[in-house]
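Structure, as structure tokens:
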């Protein structure tokens, strides 16, 4: 089982073994969501399925689990969608994108949230797969044979706004903001109604976890960098967020690669916080 990362070579070996396997392309363009389908059809890993951030990994219905720009769908709805893709509880799932890890972590986290541990991010994404000689295809995904996916106890913690507010400023909570430094400091805000950050939050841009080649940095390097970010704070107290709960996940994964263990996600993130009346905002 691969529960965190998988290399292109490991995935190729897994394909040759014939075990239950699903590869899911999560490529997206936040500023042009309509491009996701054409990106997939133009090129994807041979045999891959598609997950669309807006259609499949978020909802804007009345049953949304949280607020913000990309609210989570109910777990039961996600499970039904996974089953429609032919993904069952015995399936090893591998997710990837062509966006330097921006989006595929969302599905990794959601499967953990549904109690599925056999979910891994393809290190290096589509570019790394092609560099390793992996097969690619064009066109639409094949229609899979439906499977049953049963929701099980969550393997990762989802935190809501009320808990972040209740623990604000307490040692029991260390908020880590995954947005770029200019957004964190409140100098720019291209997407949400208010610029700034949650008071007391630390800043670790999620892009800092990757090498120039788009691979996650080594566990030793990540450990040293995260030790510096935390500056003695307990790793178990960390609550990650970003703009809408998507790009915070590479920080979650990086901490696990570094050996810290699972940490919590505030999926509503800055987009929910900044839209909630009366909540404080810090700048600088």
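Since every read-out is calculated from the coordinates, none of them should be taken as a lab result. The shown structure was predicted, so the numbers you read here are calculated from the model rather than taken from an experiment. Here the Cβ positions follow ideal geometry from the backbone for every residue, glycine too, while neighbour counts run over all protein chains shown.
Of all DSSP beta bridges located in the range 158-273, what percent are antiparallel, nearest 5? So the antiparallel bridges amount to about 10 percent of the total. Extension gain for residue 64 to residue 136 (0.36 nm times residue separation, less C-alpha to C-alpha distance): 22.4 nm. Diffusion coefficient of the range 12-60 by Stokes-Einstein, Kirkwood radius over Cα pairs, 20 °C, 1.002 mPa s: 177 µm²/s.
With no solvent and one equal point scatterer per Cα, compute the Debye intensity ratio I(q)/I(0) for the range 158-273 at 0.19 Å⁻¹ and report its log10, rounded to two decimals. Relative scattering, expressed as log10 I(q)/I(0), comes to -0.97. Relative protection proxy for 200-210, 97-107, from highest mean packing down: 97-107, 200-210 (other beta-carbon atoms within 10 angstrom).
In the chain, the longest principal axis of the Cα atoms and the axis of helix 8-17 are about 40 degrees apart. Each 5 Å bin, from zero up to the one with the longest distance, holds this percent of the alpha carbon pairs of the range 136-203: 3, 11, 15, 13, 12, 9, 8, 11, 12, 5, 0.
For a test of the definition: using alpha carbon positions, the gyration tensor, and the 1.5 limit on a/c, classify the range 5-137 as rounded, prolate or oblate. It is oblate, given that a/c is not under 1.5 and a/b is not larger than b/c.
The Cα trace of the range 73-188 gives Rg and Dmax of 17.9, 51 Å, the first to one decimal, the second as a whole number. Annotation: the antiparallel percentage among DSSP beta bridges lying fully within the chain is about 15. For the range 158-201, the residues whose amide N sits under 14 Å from a probe point set 7 Å from the Cα of residue 281 along the beta carbon direction are 183-199. Computed from the Cβ-Cβ distance with R0 of 30 Å, the FRET efficiency linking residue 162 to residue 90 stands at 0.25. Answer rounded, prolate or oblate for the range 112-159, using the Cα gyration tensor with square roots of eigenvalues a ≥ b ≥ c: rounded when a/c is under 1.5, else prolate when a/b is larger than b/c, else oblate. It is oblate, given that a/c is not under 1.5 and a/b is not larger than b/c.
Using the average count of surrounding beta-carbon atoms within 10 Å as a protection proxy, the listed peptides 72-79, 148-155, 159-166, 116-123 rank, highest first, as 116-123, 72-79, 159-166, 148-155.
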